[in-house]
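K.L.:
Sharing a structure here in structure tokens format.
The values are calculated or read from the model by the stated rules, or taken from the named source; none is laboratory data. Since this is a predicted model, take the numbers as computed values, not measurements. FYI the Cβ positions are ideal-geometry reconstructions off the backbone, even for glycines, and counts take in every protein chain you see. Accessible surface areas use protein heavy atoms only, side chains included; no ligands, DNA or RNA. Shrake-Rupley method; radii C 1.70, N 1.55, O 1.52, S 1.80 Å.
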Amino acid sequence: TGGFIHTASEKANRAREQQEMYTQLLERIKAGDELATDELCAKLYPFVKGMVWNRVRADQLSIGSGRDDVAQGAIIKVLNGLSKYEARDGALFTTWAGTIIKNYIIDCIRKGKASKERVESPHRNDLGEELPSIIERTADPHTIDTLSEMIKRSGHEMFLLALNELSPMQQKVAR
């Protein structure tokens, strides 16, 4: 069998077990157990990573952002929204989290498109004449490389600052 779920009842049992595990973790988190938050991150990360890798191409993101950044940001969004989650009418935690993750992915792709449009689209002056793009204005490849490196470095610095706000286990998952 190799870990594959073959029947509908096996799939339903697996979903029920997973929901029970998430419910127990959420109860521990509400009680202030930081270790439970770390465990939730560790359990959730493969799910989040799978969603991101299946939905996002690297070229859809802002300069300096990668799919790992999106996955980490999605987990943070889920953690920040935990107080709003209510298990009712058989709603699965993964369904709720999946909606948050999907919306975050869409936001990241939109931001990526918007940032690329700002860099690549022609600008017009008051007379409607097309002006060169920022890339054309800075034709020196060294300048472009330096700008790109500055953007990557500032994104990395922001990531490190955010990482320091997480618990040790969350930091481990994020790295």
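K.L.:
Regarding the stretch 149-156, can at least one residue be identified that is surrounded by 12 or more Cβ atoms within 10 Å (Cβ to Cβ), more than 27 Å from T23 (Cβ to Cβ) and modelled with pLDDT of 70 or more?
P.N.:
No, the conditions are met nowhere in the stretch 149-156.
K.L.:
Output the number of the condition that L35 fails; it satisfies all remaining conditions of (1) open to solvent by 80 Å² or more (accessible area, probe 1.4 Å); (2) modelled with pLDDT under 90.
P.N.:
Among (1) open to solvent by 80 Å² or more (accessible area, probe 1.4 Å); (2) modelled with pLDDT under 90, L35 violates only (2).
K.L.:
Being charged (D, E, K, R) and either under 8 Å from the mean Cα position of the chain (by Cα) or at positive phi (or both) is the filter here; which residues of the stretch 56-76 pass it? Walk me through it before giving the result.
P.N.:
Pass one, the stretch 56-76, residues charged (D, E, K, R): 57, 59, 67-69.
Those that are charged (D, E, K, R) and either under 8 Å from the mean Cα position of the chain (by Cα) or at positive phi (or both): R67, D68, D69.
K.L.:
Now for a separate question. Return the residues of the stretch 50-70 that are part of a helix (DSSP H, G or I), of a type outside the set (S, T, N, Q) and open to solvent by less than 80 Å² (accessible area, probe 1.4 Å); say none if nothing qualifies. First the steps, then the outcome.
P.N.:
Within the stretch 50-70, the first condition is being part of a helix (DSSP H, G or I), and the residues that meet it are 50-55, 58-60, 67-70.
Remaining after also requiring of a type outside the set (S, T, N, Q): 50-53, 55, 58-59, 67-70.
Once the filter is applied, which keeps residues that are part of a helix (DSSP H, G or I), of a type outside the set (S, T, N, Q) and open to solvent by less than 80 Å² (accessible area, probe 1.4 Å), the stretch 50-70 yields G50, M51, V52, A58, R67, D68, D69, V70.
K.L.:
Would you check if G128 is at positive phi, of a type outside the set (K, R), out of contact with any helix residue (DSSP H, G or I) (no Cβ under 9 Å at 6 or more places or on another chain) and modelled with pLDDT of 55 or more? Spell out the reasoning first.
P.N.:
On the way: at positive phi: yes; of a type outside the set (K, R): yes; out of contact with any helix residue (DSSP H, G or I) (no Cβ under 9 Å at 6 or more places or on another chain): yes; modelled with pLDDT of 55 or more: yes.
Yes; evaluated as a whole, the condition is true for this residue.
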